[in-house]
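Asks: Right, I'll just put the structure down here and ask away after.
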Amino acid sequence: DPRGTYTCETDEKKKFSLQVHYRMCQNCIEVDAPTISGIVVADVVATIFLAVAVYCITGQDKGRMSRGEGRALLAACGWGW
């Protein structure tokens, strides 16, 4: 807690005082360089994991329609070009 009175004495026996009032946030957290780097690394790992998962799910050949099937489905819906 940095609040309080600080006194400085010089060689000439002079005293200087400084009263410090410090208002602390009760719900604040300290963010330092290791915390920020941890957040960035976790974000990059999560993004890569998500990208690999999406690639694996969408890259499967099961149930893929041929070119003709896709056009027939669009024509049946009335959206054919």
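Only the coordinates and a few stated rules stand behind these numbers; no lab work does. Just so it is clear, the model here is predicted, and its values are computed rather than measured. Glycine gets a Cβ as well: all are built from the backbone with ideal geometry, and neighbour counts include every protein chain shown.
Asks: By how many nm would the segment from Ile57 to Glu30 grow when fully extended, if each residue of separation counts as 0.36 nm and the alpha-carbon distance is taken off?
Replies: Computed gain between Ile57 and Glu30 is 5.8 nm.
Asks: To continue, here is another question. Quote the FRET efficiency, to the nearest 0.05, computed for Ser17 versus Ile39 with a Förster distance R0 of 41 Å and r equal to the Cβ-Cβ distance.
Replies: 0.50
Asks: What Rg and what Dmax come out for segment 4-63 when only alpha-carbon atoms are used, in angstroms?
Replies: Calculated on Cα positions, Rg and Dmax stand at 27.3, 90 Å.
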